[in-house]
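Note sheet for the following structure.
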Amino acid sequence: MSYILTTECKDDIGLIAKITSLCHEHGFNITRNNEFVDKEGQRFFMRTELSGSPSRDFLTQLQQTLPKGAKLNLHAQERTKVVLLATKEAHCLGGVLLKQYEQAFNIEVQAVIANYDTLKPLVSSFGIPFHLVSHEGLSRAEHDAAMADLIEQYNPDIVGLAKYMRILTPEFVSRFDGRIINIHHSTLPAFIGAKPYHQAFKRGVKIIGATAHFVNDELDEGPIIAQNVTQVSHAHSAEEMAKIGRDIEKTVFCNALQLACEHKLFINGDKTVVFS
């Protein structure tokens, strides 16, 4: 059996030796290891790929060995459960569904929930449950509560905002704290609102891109997971820039979900630790 051990704790002397020694004692073979120390925050992060069969008290012993409050998880080969939220744009949603269909990464899209039914035919073609939760006639708090109640029925590991074009309430975010991943164009915060690529075109922007991040209560300011950019020129129309931007958004969003399902992400305050 193959496992991934993730460790986060206060930094201390000899942590790598303590962890690897205990892995050896329990018959694990370490096939890959990554570690990082945030010297300013005095935090230690480690991701360890293992093969073997753990005993029942492995994590208990490890918890007792490490500094108080250590966060430990031993992940088996199960798929990461994901619920995707969408509105009307298909590129990010379609990119994830196609990658799952191709078995390109280890996720299980449990359902897609949207506030319009525009994308229902796309989702249904992949055999994924589609739920419409309209926002019409509801306050933002009422709609978010209805969405959250439905999401919790699936108990996902990750809630992915596949161009879900609604601002989430703090109550919604708190129910899925550290589990919501969003994607947005990287022209923010310069071009806010509708048609950002048309705004960028009018200003002669030369670089466009996308940012994937965890969601917190600050709009589009959560810990960044992945980013990418490309150059554009005066020869690109606003429509061409938007098409290029959508391709980057799709790629970066899928990359962020892949990092999550491979357990390579750690939230570290306002930042992330991302192992390659």
_Between S125 and N228, what is the label-point separation in nm under the 7 Å Cα-to-beta-carbon projection?_
2.2 nm
_Just to confirm, what accessible area per residue do you get for the chain at 1.4 Å probe, in whole Å²?_
51 Å²
*R0 of 41 Å, Cβ-Cβ distance E239-D38: FRET efficiency to nearest 0.05*: 0.45
*Quick one: which residues, 5 or more positions from A226 or on another chain, have an amide H under 5 Å from its amide H? H modelled 1.01 Å from N in the peptide plane, none for Pro or chain starts.*
A212
*Which of the lysines could be linked to K68 by a straight reach, that is with a Cα gap under 19 Å, when you skip same-chain ones fewer than 8 residues away?*
K10, K18, K39
*aspartates and glutamates whose Cα lies under 16 Å from that of K120, excluding same-chain neighbours fewer than 8 positions away*: E89
*Pull out a ≥ b ≥ c, the square roots of the eigenvalues of the alpha-carbon gyration tensor of the stretch 134-185, then state rounded if a/c is under 1.5, prolate if not and a/b is larger than b/c, and oblate in the remaining case.*
oblate
*asked:* How are the alpha carbon pair distances in the stretch 1-148 distributed across 10 Å bins from zero to the largest one, expressed in percent?
replied: 10, 29, 19, 22, 18, 3, 0
*For the stretch 65-184, what number results from the quotient of the Cα radius of gyration and 2.2 N^0.38 Å?*
1.14
*asked:* Treating the stretch 203-276 as a set of equal point scatterers at the Cα positions, no solvent, please give the Debye-formula log₁₀ I(q)/I(0) at q = 0.23 Å⁻¹.
replied: -0.99
_L150-Q77 FRET efficiency (beta carbon distance; Förster radius 35 Å; 0.05 resolution)_ = 0.80
*Kirkwood Rh, Cα Rg: Rg to Rh for the stretch 46-126?*
1.18
*Using the Kyte-Doolittle scale, find the helices of the chain whose mean hydropathy is at least -0.5 and whose Cα atoms extend 18 Å or more along the helix's long axis, counting only whole DSSP H runs.*
238-261
_Label point at R203 placed 7 Å out along Cα→Cβ; residues across the stretch 235-256 whose backbone nitrogen lies under 17 Å_ = 238-239, 241-242, 245
_the chain - Debye-derived log10 I(q)/I(0), Cα point model, q = 0.17 Å⁻¹_ = -1.34
*Computed FRET efficiency, Cβ-Cβ of I30 and E108, R0 25 Å: what is it to the nearest 0.05?*
0.35
*So, by mean Cβ neighbours within 10 angstrom, what's the order for 238-247, 107-116 with the highest one leading?*
107-116, 238-247
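The values are calculated or read from the model by the stated rules, or taken from the named source; none is laboratory data. Computed from a prediction, not measured in an experiment: that's the story for all the values here. Heads up, the Cβs are rebuilt from the backbone with ideal geometry, glycines too, and the neighbour counts pull from every protein chain shown. Surface areas here come from the heavy atoms of the whole protein model, side chains and all, with no ligands, DNA or RNA. Shrake-Rupley method; radii C 1.70, N 1.55, O 1.52, S 1.80 Å.
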